Amino acid sequence: MMPWGYTVPAVAAVLVVVAAELLVLRTGLLRRPAYWVTMAIVTAFQVPVDGWLTKLSAPIVRYAPEGITGWRFPWDIPVEDFLFGYAMVTAVLLLWERGAQSRKDSA
């Protein structure tokens, strides 16, 4: 496994999603307060669930130590989980917004 085998794809996913919005989709989603409120809500639910799944005292999900940075916050959540979660949720919302705009334009 390459060093930081989960970190590099997680960072790349964030960069790809943000670049897709800024250069291709241009939905304006990242400028909306409702988007950031949504992300805060997602994070509020992610923290207890992910914290329970990845707690070092009794992990349900384990990561190869060479595959992550080892930075964990809060509790024992790998920071890579937040990056991947951000990219995944943002990608879905961007595609949803783009689809809604396309339907409006064709109506």
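The table that follows gives values for the structure above.
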quantity	calculated
The lone exception for Ser57 - which of (1) hydroxyl-bearing (Ser, Thr, Tyr); (2) surrounded by 12 or more Cβ atoms within 10 Å (Cβ to Cβ); (3) over 24 Å from Gln101 (Cα atoms); (4) out of contact with any strand residue (DSSP E or B) (no Cβ under 9 Å at 6 or more places or on another chain) it fails	(2)
Search result, residues across segment 20-37 that are open to solvent by less than 100 Å² (accessible area, probe 1.4 Å), within 15 Å of the chain's Cα centre (by Cα) and more than 12 Å from Leu94 (Cβ to Cβ)	Val37
Residue identified as open to solvent by 30 Å² or more (accessible area, probe 1.4 Å) and assigned to a helix (DSSP H, G or I) among Leu15, Leu94	Leu15
Where Glu66 falls short, out of the listed (1) closer than 21 Å to Ala12 by Cα; (2) modelled with pLDDT under 95; (3) in a helix (DSSP H, G or I); (4) open to solvent by less than 60 Å² (accessible area, probe 1.4 Å)	(4)
Number of positions in segment 54-107 that are of a type in the set (Ser, Thr, Tyr), within 23 Å of Leu29 (Cα to Cα) and in contact (Cβ under 8 Å) with a residue 24 or more places away in the chain	2
Qualifying residue in segment 30-45 (condition: within 20 Å of Ala12 (Cα to Cα), of a type outside the set (Ser, Thr, Tyr), modelled with pLDDT under 95 and not in a loop (DSSP other than H, G, I, E, B))	no
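The values are calculated or read from the model by the stated rules, or taken from the named source; none is laboratory data. All of these numbers come straight from a predicted model, not from anything done at the bench. As a convention, Cβ positions derive from the backbone with ideal geometry for all residues, glycine included, and neighbour counts pool all protein chains shown. The area values use the complete protein model at the heavy-atom level, side chains included, leaving out ligands, DNA and RNA. Shrake-Rupley method; radii C 1.70, N 1.55, O 1.52, S 1.80 Å.
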